[in-house]
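As structure tokens, the structure follows; a few thoughts come after it.
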Amino acid sequence: YALAQALPAALDSGEMFLDYQPIVDLAGGRPPMVEALVRWRHPERGLLKPEEFIPVAEETGAIVELGRWVLDRAVRDAAAWPDGPAVAVNVAVRQVHDYGLVREVATALEVSGLPPRRLCLEITETALMDTEEDGLPGPGTLRTLADMGIGIAVDDFGTGYSNLARLRDLPATSLKIDASFVADLGHPDAGDFAESVIISLVALAHAAGMTVTAEGIETADQARRLTTLGVDYGQGFHYSRPVSAERIEAVMAELGAQK
Ligand code: G
Ligand code: G
Ligand code: MN
Ligand code: NA
């Protein structure tokens, strides 16, 4: 827990920063997006990836303060890209249970001038199911945010145990298919199970009025297959690795020019 304890000071001293990864439109006709991904330049331990500190921060509750910082930073960065992409920000279940989230989001948008439609909040499928707990503000909070015109994406979809019938009732605007299904796509040992799953998820999401994003696209072949299967957006190393706020505009321009 030493990392989680050091987190508030790290936020103050500028050790945290955000990288951005492009989310491209596969079908054509939709504006692109970017996902904000937090990193920690730790003075002794070097560059830390979120896997190394997000889980402990979730356990200790430090994630609420970190999440506030990420939201603020991402919204301010995005507001500086005129007519730029919408920005997707990961939120932890603890943040959704925090009564301050709606006000924090509203304030961040107001201060930065970023239109609500250019913000999307990503919450994992597993965390989303946890927001069902009695007495916590989870589902109501997400509904309020969706009603403000903010996008709500279900992240890592396919790795949890969702009640599929209930997907329709969630206040989500998009579904992100977990990278594991994309990795299996076209893999000689994987058969066509992954393709069947993706076909089903696309049908389900579209029937519920949601768009679909595939994560972890690494090859042109995967990109082609996913486009054929009706997936709306793609994200992965095939398009770009996460890059700094300074570089993202140039990377987005280059991706736009390739189409
Ligand atoms: O960038 P990288 O692939 O290392 O990110 C790993 C995971 O960490 C992502 O899938 C994402 O879910 C999580 N993550 C990244 N940034 C944030 C953040 O700002 N808040 C939360 N809660 N999770 C994040
Ligand atoms: O929130 P989420 O867990 O979806 O964050 C995406 C993470 O996956 C980021 O940390 C990013 O660095 C990583 N990632 C993004 N694209 C690819 C990819 O094409 N392949 C692999 N292996 N990882 C990726
Ligand atoms: Mn995500
Ligand atoms: Na994900």
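The values are calculated or read from the model by the stated rules, or taken from the named source; none is laboratory data. Source: prediction; values computed, not measured. Cβ atoms come from the backbone with ideal geometry, glycine included; neighbour counts cover every protein chain shown.
Some points to look at:
- Residues of the range 184-214 satisfying the condition of being small (Gly, Ala, Ser) and crowded, with 18+ Cβ neighbours inside 10 Å: Ala194, Ala205, Ala214
- Of all residues in the range 157-177, those being more than 14 Å from ligand 3 (Cβ to nearest atom) and either modelled with pLDDT under 80 or of a type in the set (Val, Ile, Thr) (or both) number 10.
- The residue that is nearest to Ser244 (Cα to Cα), counting only those in the range 54-72 that are surrounded by 18 or more Cβ atoms within 10 Å (Cβ to Cβ) and within 16 Å of ligand 3 (Cβ to nearest atom), is Val70.
- Selection of first residues in the range 211-236 that are farther than 20 Å from Gly256 by Cβ and of second residues that are charged (D, E, K, R) and more than 16 Å from ligand 1 (Cβ to nearest atom), restricted to Cβ pairs under 9 Å at least 6 apart or on distinct chains, gives the following pairs, ordered by first then second residue: Val212/Asp232; Arg225/Glu195; Leu229/Glu195.
- Unmet criterion (only one of (1) of a type in the set (Lys, Arg); (2) surrounded by 18 or more Cβ atoms within 10 Å (Cβ to Cβ); (3) assigned to a loop (DSSP other than H, G, I, E, B)) for Arg30: (2)
- Scanning the range 108-131 for residues that are more than 16 Å from ligand 3 (Cβ to nearest atom) and in a helix (DSSP H, G or I) yields Ala108, Leu109, Glu110, Val111, Ser112, Pro116, Arg117, Arg118, Met129, Asp130.
- Which listed residue, of Val91, Val87, is in contact (Cβ under 8 Å) with a residue 60 or more places away in the chain and crowded, with 23+ Cβ neighbours inside 10 Å: Val87
- Here Gln5 fulfils each of the conditions (1) more than 24 Å from Lys176 (Cβ to Cβ); (2) part of a loop (DSSP other than H, G, I, E, B) apart from (2).
- Only residues that are surrounded by 14 or more Cβ atoms within 10 Å (Cβ to Cβ) and within 15 Å of ligand 2 (Cβ to nearest atom) were counted in the range 225-259, giving 15.
- Those helices (runs of 4 or more DSSP H) lying entirely in the range 146-259 with at least 3 residues touching a helix residue (DSSP H, G or I) at 6+ places or on another chain (Cβ under 9 Å) and closer than 24 Å to Gln21 by Cα: 179-184, 193-207, 220-228
- Qualifying residue in the range 21-31 (condition: under 25 Å from Leu142 (Cα atoms) and among the hydrophobic types (A, V, I, L, M, F, W, C)): yes
- Pair list, Cβ under 8 Å, 6 or more apart: the range 134-156 residue within 15 Å of Arg117 (Cα to Cα) and modelled with pLDDT under 90, other residue within 16 Å of ligand 1 (Cβ to nearest atom) and hydroxyl-bearing (Ser, Thr, Tyr): Leu142/Thr131
- The number of residues in the range 13-53 being touching a residue at least 60 places away in the same chain (Cβ under 8 Å) and within 16 Å of ligand 3 (Cβ to nearest atom) comes to 12.
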